[in-house]
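Values in this text are rule-based calculations from the coordinates and carry no lab data. Just so you know, these numbers come straight off a predicted model, no measurement behind them. All Cβ positions, even for glycine, are placed from backbone atoms using ideal geometry, and neighbour counts span all protein chains on display.
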Protein chains: 2
Amino acid sequence: MDCTEKRIDGEVKYKGVIVAVHLDRAELSNGKIVKREVVEHPGGVTILPVDENGLCTMVRQFRYPFGRMMLEAPAGKLEPGEDPKESAVRELSEETGYTADEWIDFGACCTSPGFSSEVLHVYLAMGLHEGRSHPDEDEFLNTEKIPLSELSRMVMAGEIDDAKTIVAVLKAEKYLSERAAK
Amino acid sequence: MDCTEKRIDGEVKYKGVIVAVHLDRAELSNGKIVKREVVEHPGGVTILPVDENGLCTMVRQFRYPFGRMMLEAPAGKLEPGEDPKESAVRELSEETGYTADEWIDFGACCTSPGFSSEVLHVYLAMGLHEGRSHPDEDEFLNTEKIPLSELSRMVMAGEIDDAKTIVAVLKAEKYLSERAAK
C-alpha cells in the first residue's frame, strides 16, 4: 500500500527556545488533503556511563512538564551542526565529569514520530575516568550511582519512566550480557 | 538540592489539532526567573500483541515528521477522559482486529520529559483472538507478523528506532523470559 504523504505547503505556527511548530498541508495517497502538525526539535544524546563494577551514574532532575523529579541517564540537546558522538562526549563531561575510553553506539531513537522530529542518539560509555562536572548555569541536577541490575529492576517495575533511560538501560543490559557470554 | 521550579504564569502560544504549546515563567530554587516551554499532548497507548508462537503483529506506517515508513508496535492517542487500558483494547482492535485474554501492564513511558507532557502506557497483549481491523479513516497502515526474537535483533541493530516500540519489545522479551524461567 502506498502510504506516502506529500507536503504541499506549510507555515510556522510557533518558534520558541527549544521547539518550533509547523503546520503543513499534505496529500495522502488517496488524493485527500490533510493537515500535519510537526514539532521541530534539534535532537539530542543520551549516555549510560557504566563503571567496572557495573555502577551507572544517573542524574535526578526536576522535569517541568511533569512537575516532579525524574531519574534519567545523562542527556542533552545537540548544538547546531554538532556531531552526535561529540555531543555525547561533551554532555557526559558536563553532567558527570567523566571521560570514557569506550563508546558503544546504541543507535537512534525517535521519541514521538507521530508529531515530533526529535531523534536521540543513545550511547553506552565505559572505561570511565573521573573529572570535574560543569553543568550549564541554571541546570540543577544531582548525580547518583546505581547498579545496572537495580536500574533494570526499576525499569521493569515502572519506577523509571523516562523513555530514553528505559531504552539505554535495557539495551545496555542485553548488550553486556551477550558480550560476557562470548 | 532543591530543584523545584514554581510556575509563575504562562500563555498558550499555539493550540493545534494534536498538541498545544504553553510558554510559562517559572522560578528556580535560586530565585531566578526562567521560561519553560511545554508541548501539551493527550498521551497514548502502545500494545505489543504476541501470539502463542511468539509472533508479534506490528504496523508499518508513514511518519510525516521523518518522511518515511516506520515499523512500530500498534499504538494510538488517548481520547478525552479515556482510561489507558480501555484505549489499549480499542486501539489493538482498530489496528489489528485482535482482542486479547491477557493484558500485562508494562507501565508508563514519558517520551520527552524535557519539553513534552506526553505519556504512553505500554502493554503486552496475549491470548489473542482474531477479528476484523477497522482503522480510522485516513489511517493507512500495513500489519506484519514478526517473531519477537527477530524484533529484538532489529532493536539491538538499530533497525527499529521508534522509542515506544524499543521499550515494548525489550520489556516483553525480558518479561517473557523471566516468566518462562519460573
Diffing the stretch B:34-49: the Karplus 3J(HN,Hα) column from phi (6.51, -1.76, 1.60, θ = phi - 60°), in whole Hz with x for Gly and Pro, holds 10, 9, 10, 8, 10, 8, 8, 9, x, x, x, 9, 9, 10, 9, x
Efficiency of FRET from Cβ geometry, B:Cys3 and B:Phe66, R₀ 30 Å, rounded to 0.05: 0.35
With springs connecting C-alpha atoms under 10 Å apart, model chain A as a Gaussian network and identify which of A:Ala26, A:Ala88, A:Ala172 has the largest mean-square fluctuation. A:Ala26
Is the shape of the stretch A:44-181 rounded, prolate or oblate, going by the alpha carbon gyration tensor and its root eigenvalues a ≥ b ≥ c, with a/c under 1.5 for rounded and a/b larger than b/c for prolate? rounded
Violating pairs (Cα-Cα greater than 20 angstrom) within the set A:Lys182/B:Lys164; B:Lys35/B:Lys164; A:Lys15/B:Lys13; B:Lys6/B:Lys32: A:Lys182/B:Lys164; B:Lys35/B:Lys164
B:Val119's amide H: which non-local residues (gap 5+, or another chain) put their own amide H closer than 5 Å, with H modeled 1.01 Å from N in plane and none for Pro or chain starts? B:Gly43, B:Gly44
For B:Ala108 and B:Asn30, FRET efficiency with R0 = 25 Å and r from the beta-carbon atoms, rounded to 0.05? 0.25
How crowded by other chains is A:147-159, given as the mean number of beta carbons from other chains within 10 Å of each beta carbon? 2
In what sequence, highest mean first, do B:126-133, A:75-82 appear when ranked by Cβ atoms within 10 angstrom? A:75-82, B:126-133
So for the stretch A:44-181: antiparallel DSSP bridges make up what percent, rounded to the nearest 5? 80
Based on the Cβ-Cβ distance of A:Lys85 and B:Asp83, what FRET efficiency does E = 1/(1 + (r/R0)^6) give at R0 = 45 Å, to the nearest 0.05? 0.60
Please give the Cα centre distance for the stretch B:104-118 versus the stretch B:164-182, rounded to the nearest Å. 18
With the crude spin-label approximation of a point 7 Å out along Cα→Cβ, what separation in nm comes out for B:Tyr175 versus A:Lys13? 3.4
Just rank B:Thr57, A:Thr143, fewest to most, by other beta-carbon atoms within 10 angstrom. A:Thr143, B:Thr57
If amide H atoms are modeled at 1.01 Å from N in the peptide plane, then the residues at a separation of 5 or more from A:Gly10, or on another chain, having amide H under 5 Å from its own are A:Arg25
